[in-house]
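Asker: What follows is a single structure, and I will ask about it in a moment.
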Amino acid sequence: MRQALLGGVAAILFTALGQVVPAKAAADCGALVRNKLDNVNLLSAVEVPASGDLPAYCRVLGYVRPAINFELRLPIEGWNGKFYMVGCGAFCGMLESDRPGFTNAMNFGLRRRYAAATMDSGHWGANSGDGRWAFANPVAEADWAWRAVTETARVGRAMVKAYYGTEQKHAYFAGCSTGGRMAGVEASRFPADFDGIVMGAPALDYTGLVATFFAWLVQANTGEDGKPIVTSERVPLIQRLVAQACHAQDGLVEDPHACNVKPATFQCKAAGGHDCLSTAEVGVLEKWYAGPKDSQGRQLYPGGLPPGSEANWPIWLTGRPPANAVIPFFVRDFLRYMAFEPDPGPGYEVTQFDFDRDPPRLARMAALYNAATWDPARGEVVPADLSAFARRGGKLVIWHGWGDPIVTPDFTIAWYEALARKAGGIEKLQGFARLFMIPGMDHCGISADNASVTETGIDPLSALEAWVEQGTPPHALLATKRRPDGGTQWQRRICAWPDKSCAAP
């Protein structure tokens, strides 16, 4: 303790405000805590030996005031000269430094000898769906909305220069879901932070998605007795009926837009029928596939659940006993603590959301959180401006699963097409941003069940590196669905939207 205190005093006495003190070699990992950065507390810097497929690295822990906790991992040997930062999912609230796979996982970059970084978005939560931290807390909301990523990137750049004695050659960001929203915020508000961005299943219109769309899903499936109408036991039947209606091979709906599902055709013709649905169940599906509307019939969020996403409903919509569904609890906390100003608080229930009165009340927080917004009056997405990111040569690779029942793919496509109109056409947009739609993939590739593709079945980072560093734009991504034993079940070449007949990348 005494040594730590002396070290802190030495930092105050001998380090000028904002000065970066270079570490001469890997042995100087511990010296990084002597750096003083504006509004940053560096807590520790220690060497971690190589383990498994991870190289030895210098681990730096700290926080940006008041509460953005971060971790940096700097390869001791073989640094590739680049910086890699990841976002986080849902409301974040945890420092998931050892998250597996690719999605929001810093070790994906560390394995490739990147200097890697992650953060908790500026608060602590019991889990990523815990929204209590935001109750009457505008500072924490701003940290989660935009400040956590750009501030951590600032610290990352300084620590890279201090440790290696030189700045990174390139900086990349990768995030999915809320991390995808963070990617959109970075590209539009802080276009100089990163040279390339991987944006997965982006929750760009967070207020429209989590408040309006999720409330619609929950209310549609709540019976008069307060219990769910469509339950997890009924999902396999619904999945089979939709696959038949869509003429899906092996249960995989390649393109939901080519499938016109009519739930009324699934309804039982007589009481006690088998392999059919009740009138109440059909009513839920009609609302789920159509998406939210107000009393005048205006679409409040583009589209609804994509046909072919049914295999992925249990986690998000119906629950998988004994586990409850995620969406009802997630939207509840968002509405209680994050969606409105002022916050209604813990007494608010999702069933109180009014689809005529409440969507306009989201505008204030939408301006803080969103990287794009659906305009019901115009019936189109209004995207944030990415022109500065494009002008400085930034590249954006977007990926989204067709089987995503939480951040629905229709918004991403509508946003991308709105960007194309602003850019002067799809070809001009593809000069800096390309979209890849992956059949069957669940939200961020989280589920490996049934027809889903896991997020590790694609590699958008390699495609982005080739684009940024070699000027080779990705014409396609290779998506792989693996069997439980690790073998390949199928592979698809995913063309850059809207192409459906691309050649080899």
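Asker: Please check which bits of segment 210-234 a label hung off residue 280 would reach, taking the label as a point 7 Å along Cα-to-C-beta and the cut-off as backbone N under 18 Å.
Answerer: It comes to 217-234, nothing else.
Asker: Fully extended, how many nm does the chain gain between residue 50 and residue 28 (0.36 nm per residue separation, minus their Cα-Cα distance)? Don't skip to the end; give the middle numbers.
Answerer: Working: separation 22, 0.36 × 22 = 7.92 nm, distance 1.73 nm.
Stretched out fully, the residue 50 to residue 28 stretch lengthens by 6.2 nm.
Asker: Using a Förster radius of 41 Å, what is the FRET efficiency between residue 299 and residue 169 based on their Cβ-Cβ separation? Nearest 0.05, please. Please report the intermediate quantities before stating the final value.
Answerer: Numbers: r = 45 Å, r/R0 = 1.10.
Plugging the Cβ-Cβ distance into 1/(1 + (r/R0)^6) gives 0.35.
Asker: Tally Lys/Arg at +1 and Asp/Glu at -1 over every other residue whose Cβ is under 11 Å from the Cβ of residue 71; what's the total? The partial results should precede the final answer.
Answerer: Working: positive: 59, 73; negative: 96, 98, 120.
Residues close to residue 71 contribute a combined charge of -1.
Asker: Still on this structure: What number comes out for the charge environment of residue 341, summing +1 per Lys or Arg and -1 per Asp or Glu over other residues with Cβ under 10 Å away?
Answerer: Once positives and negatives cancel, what remains is 0.
Asker: Efficiency by 1/(1 + (r/R0)^6): what FRET value for residue 427 and residue 375, r their Cβ-Cβ distance, R0 = 41 Å, to the nearest 0.05? Please report the intermediate quantities before stating the final value.
Answerer: Details: r = 25 Å, r/R0 = 0.62.
Using R0 = 41 Å, I get an efficiency of 0.95.
Asker: Considering only 30, 304, 406, whose Cα is most displaced toward the positive end of the charge dipole of the chain, charges sitting on Cβ of Lys, Arg (+1) and Asp, Glu (-1)?
Answerer: It is 30, whose Cα lies furthest towards the positive end.
Asker: Considering Cα pairs under 8 angstrom that are at least six residues apart, work out the relative contact order of the chain and quote it in whole percent.
Answerer: Working: 1096 pairs, mean separation 62.0, N = 505.
Across the chain, relative contact order equals 12 percent.
Asker: Grab the beta carbon distance between residue 260 and residue 470, set R0 = 56 Å, and tell me the FRET efficiency rounded to 0.05. Could the numbers behind the result be given before it?
Answerer: Details: r = 42 Å, r/R0 = 0.75.
Plugging the Cβ-Cβ distance into 1/(1 + (r/R0)^6) gives 0.85.
Asker: What is the dipole size for the chain, taken about its Cα centre, with +1 at each Lys and Arg Cβ and -1 at each Asp and Glu Cβ, in debye to the nearest 20?
Answerer: 1120
Asker: For the chain, what does -39500 (n - 2.57) per DSSP helix run (n ≥ 4), summed and divided by total residues, give at 222 nm, in deg cm²/dmol to the nearest 500? List each step's numbers first, then the result.
Answerer: Values: 14 runs with 136 residues, N = 505.
Value at 222 nm, helices only: -8000 deg cm²/dmol.
Asker: Right, another one. Give the lysines whose C-alpha is closer than 16 Å to that of residue 82, dropping any in the same chain fewer than 8 places away, or say none.
Answerer: 161, 169, 395
Asker: Compare the Cα positions of 415, 125, 48 along the charge dipole of the chain (+1 at Cβ of Lys, Arg; -1 at Cβ of Asp, Glu; about the Cα centre) and return the one farthest towards the positive end.
Answerer: My answer, from the dipole projection, is 48.
Asker: So, for the chain, what is the accessible surface per residue at a probe of 1.4 Å, expressed in square angstrom?
Answerer: Details: 20800 Å² over 505 residues.
Per residue, the chain has an accessible area of 41 Å².
Asker: Related question: Using a 7 Å offset from the Cα along the Cα-to-Cβ direction at both residue 392 and residue 240, what is the distance between the two label points in nm, to one decimal?
Answerer: For the pair residue 392/residue 240, the computed spacing is 5.5 nm.
Asker: How do the peptides 344-352, 191-199, 54-62, 163-171 rank, highest first, by the average count of neighbouring beta carbon atoms within 10 Å per residue? Could the numbers behind the result be given before it?
Answerer: On the way: 344-352: 13.0, 191-199: 23.9, 54-62: 19.9, 163-171: 17.0.
Averaged packing, sorted descending, gives the order 191-199, 54-62, 163-171, 344-352.
The values are calculated or read from the model by the stated rules, or taken from the named source; none is laboratory data. None of the values given here were measured: they were computed from a predicted structure. Cβ sites come from the backbone with ideal geometry, for glycine too, and all protein chains shown count toward neighbours. Only protein heavy atoms, including side chains, enter the accessible area calculation; ligands, DNA and RNA are left aside. Shrake-Rupley method; radii C 1.70, N 1.55, O 1.52, S 1.80 Å.
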